Number of protein chains: 2
Amino acid sequence: MTRFFVTTEELATDSPILTGENARHAKVLRLKNGEAVLLCDGQGQECVCTVTDATADSFVLAVQERRASQTEAAVQVSIYMAFPKADKLEHVIQKATELGAYEIVAFPSGRCVSKPDDKSLKKKLERWQKIAASASEQCGRGRIPEVIVLGSFTEALKRAATADKALMFYENEQAVTLRMALQTGAYKTVSLLTGPEGGLEEREVEMARNAGLQVCTLGKRILRCETAPLCALSAVMYDAGEF
Amino acid sequence: MTRFFVTTEELATDSPILTGENARHAKVLRLKNGEAVLLCDGQGQECVCTVTDATADSFVLAVQERRASQTEAAVQVSIYMAFPKADKLEHVIQKATELGAYEIVAFPSGRCVSKPDDKSLKKKLERWQKIAASASEQCGRGRIPEVIVLGSFTEALKRAATADKALMFYENEQAVTLRMALQTGAYKTVSLLTGPEGGLEEREVEMARNAGLQVCTLGKRILRCETAPLCALSAVMYDAGEF
């Protein structure tokens, strides 16, 4: 079933109409009257519809079934990533979206070599949000993860700490594994915080502990800054019973 | 401790000497007499040494301790990947090395859009092996995973099937999860087989079942061909108690 993202308002109507980019896509696919399509609002709600009036410029639909998205993870995992170099953040947004992340939060830390200035930030956020939308479409998600930029490391800690499992990964931690952290008590929300190319500073790790985050290891090998969050996310999804 | 890769023969001598590229690297680092370095043979054996004679062109070392590499995973995971487009295979080689894969095996399948011809293969294999070596060095591994190219899908199935857990991932499988496959009996060796951009053909999935592979899902979202093996590898390492 072909999927189209529409606004929440559009999803709420009884006869949604595909217009603009969606109509062009539907035209390429040569959708005909009676065919079924899936409308998603990108917020986790979706609608099975059939085409009732296919014309040259628009496609009128009739709603068959409203439901919650079938492809969202039951566990909400937030990726907290210190600003890496630009292409790496884009890589992580795309892959974390596929792997089912709830949101991707970028923030500055001491050893970040790259940090967007306020001037370029708006444009970059738009670009990052588009990457998340396009990855959501490709992998069949009904919810587009939000990309969020925070202004300080302290703010990131405070926000991350509100999850049932608030975890920071640090290459010098050897005793506490991700498994130990996950297997002490149930969880519905998880924060996974990782450092930039040069790693986290020792004082930042202390700040995180004081803010209530648990510091864990991802094993004996030093993972690149773009590999660590995706490895941790895959493991959490596995642990949570997603696959 | 700085790490240098040397041959197995060089590692076996009582007074190994850093030459060539290694000597240039040691010079840049300004290694001095008495400093400790780690020599690795890329096969899982390593040697703690001290510098005994640093000259302009070479560095003579004395062996302090011989040991098995401390950073290798206890479980041997082989990645079997149908040829994707070139840059994706390179991506998977780099990341799978970081994540601790034992070897990376590429092979052709029905929907592969990219497959190196015999003429260019030798050069490409050299390049892929270099990527594995460089990723091993970066992440601190004592063993460089071998990159292997097989000539046919059947050959890949036959080789993959010899592992304790021989698993194929298929987007149309919904019942059997990776967790179910891993939690029925202990394992020391694992094969993870995934398809190319266009996915595996149904008849290929049947062939895999007949060859003894277990067909599993990686969850409700459709993962890109370069994401699936890394997601599965992360989950297996987690399941095996690596982190």
Hey, does region B:29-42 have a residue that's acidic (Asp, Glu) and modelled with pLDDT under 90? no
In region A:72-86, how many are touching an Asp or Glu at 6+ places or on another chain (Cβ under 9 Å) and either outside any strand (DSSP E or B) or at pLDDT below 95 (or both)? 5
Can you list residue pairs whose Cβ atoms sit under 6 Å apart, with the first residue in region B:150-175 being under 11 Å from residue B:191 (Cα atoms) and the second being among the acidic types (Asp, Glu)? Count only pairs 6 or more apart in sequence or on different chains. none
Quick check: is even one residue across region A:127-148 of a type outside the set (A, V, I, L, M, F, W, C), at pLDDT 95 or above, surrounded by fewer than 16 Cβ atoms within 10 Å (Cβ to Cβ) and farther than 15 Å from residue A:41 by Cα? yes
Any idea how many residues of region B:114-160 are within 14 Å of chain A (Cβ to nearest Cβ), on the phi < 0 side of the Ramachandran plot and of a type in the set (Gly, Ala, Ser)? 5
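Filtering region B:85-113 down to residues that are of a type in the set (A, V, I, L, M, F, W, C) and within 14 Å of chain A (Cβ to nearest Cβ), which residue is nearest to residue B:199 (Cα to Cα)?
Step one: list which residues in region B:85-113 are of a type in the set (A, V, I, L, M, F, W, C), which gives B:86, B:89, B:92-93, B:96, B:99, B:101, B:104-107, B:112-113.
Still in the running and within 14 Å of chain A (Cβ to nearest Cβ): B:92-93, B:96, B:99, B:101.
Details: B:92: 16, B:93: 19, B:96: 20, B:99: 23, B:101: 22 Å.
Per the stated criteria, the residue is B:92.
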Condition set β-branched (Val, Ile, Thr) and within 14 Å of chain A (Cβ to nearest Cβ), scope region B:63-78, selection farthest from residue B:149 (Cα to Cα): answer is B:71
Return the residues of region A:203-220 that are surrounded by 18 or more Cβ atoms within 10 Å (Cβ to Cβ) and on the phi > 0 side of the Ramachandran plot; say none if nothing qualifies. A:219
Which condition breaks for residue B:130 when tested against (1) in contact with a strand residue (DSSP E or B) (Cβ under 8 Å, 6 or more places away or on another chain); (2) assigned to a helix (DSSP H, G or I)? (1)
So, in region A:221-236, of the ones that are open to solvent by less than 10 Å² (accessible area, probe 1.4 Å) and more than 7 Å from chain B (Cβ to nearest Cβ), which residue ends up nearest to residue B:179 (Cα to Cα)? A:236
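Being more than 7 Å from chain B (Cβ to nearest Cβ), touching a residue at least 40 places away in the same chain (Cβ under 8 Å) and not β-branched (Val, Ile, Thr) is the filter here; which residues of region A:210-220 pass it? Can you show your working first?
Filtering region A:210-220 down to residues more than 7 Å from chain B (Cβ to nearest Cβ) leaves A:210-216.
Remaining after also requiring touching a residue at least 40 places away in the same chain (Cβ under 8 Å): A:211-216.
Result: A:211, A:212, A:213, A:214, A:216.
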Select from region A:4-45 the residues that are β-branched (Val, Ile, Thr) and part of a helix (DSSP H, G or I) and list them in ascending order. A:8, A:28
Residue check, residue A:200 against (1) of a type in the set (A, V, I, L, M); (2) open to solvent by 10 Å² or more (accessible area, probe 1.4 Å); (3) at pLDDT 95 or above; (4) over 27 Å from residue A:73 (Cα atoms), all met but one. Which one? (2)
Could you please let me know if residue B:33 is of a type in the set (S, T, N, Q), more than 20 Å from residue B:136 (Cα to Cα) and more than 14 Å from chain A (Cβ to nearest Cβ)? yes
Check residue A:117 against each of (1) modelled with pLDDT of 95 or more; (2) closer than 23 Å to residue A:154 by Cβ and name the one condition it does not meet. (1)
Hey, does region B:37-59 have a residue that's among the small types (Gly, Ala, Ser), within 17 Å of residue B:142 (Cα to Cα) and open to solvent by less than 60 Å² (accessible area, probe 1.4 Å)? yes
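From the list B:171, B:197, exactly one residue is part of a loop (DSSP other than H, G, I, E, B), more than 24 Å from residue A:221 (Cα to Cα), in contact with a strand residue (DSSP E or B) (Cβ under 8 Å, 6 or more places away or on another chain) and within 14 Å of another protein chain (Cβ to nearest Cβ). Which is it?
Details: B:197 fails: in contact with a strand residue (DSSP E or B) (Cβ under 8 Å, 6 or more places away or on another chain).
Among B:171, B:197, only B:171 is part of a loop (DSSP other than H, G, I, E, B), more than 24 Å from residue A:221 (Cα to Cα), in contact with a strand residue (DSSP E or B) (Cβ under 8 Å, 6 or more places away or on another chain) and within 14 Å of another protein chain (Cβ to nearest Cβ).
The rows are residues; the columns are (1) in contact with a Ser or Thr (Cβ under 7 Å, 6 or more places away or on another chain); (2) more than 30 Å from residue B:234 (Cα to Cα); (3) not aromatic (Phe, Trp, Tyr).
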{"position": "A:31", "(1), (2), (3)": "no, yes, yes"}
{"position": "A:37", "(1), (2), (3)": "yes, yes, yes"}
{"position": "A:46", "(1), (2), (3)": "yes, yes, yes"}
{"position": "A:49", "(1), (2), (3)": "no, yes, yes"}
{"position": "A:67", "(1), (2), (3)": "no, yes, yes"}
{"position": "A:94", "(1), (2), (3)": "no, no, yes"}
{"position": "A:100", "(1), (2), (3)": "no, no, yes"}
{"position": "A:105", "(1), (2), (3)": "yes, no, yes"}
Please work out which one of (1) modelled with pLDDT of 90 or more; (2) touching a helix residue (DSSP H, G or I) at 6+ places or on another chain (Cβ under 9 Å); (3) assigned to a loop (DSSP other than H, G, I, E, B) is the condition residue B:56 fails and give its number. (1)
Failed condition for residue A:16, given (1) buried (at least 20 other Cβ atoms within 10 Å of the Cβ); (2) under 20 Å from residue A:135 (Cα atoms): (2)
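The values are calculated or read from the model by the stated rules, or taken from the named source; none is laboratory data. If you're wondering where the values come from, they're calculated on a predicted model, not measured in any experiment. So basically every Cβ, Gly included, is an ideal-geometry build from the backbone, and we count neighbours across all protein chains shown. Ligands, DNA and RNA are excluded from the accessible area calculation, which covers all protein heavy atoms including side chains. Shrake-Rupley method; radii C 1.70, N 1.55, O 1.52, S 1.80 Å.
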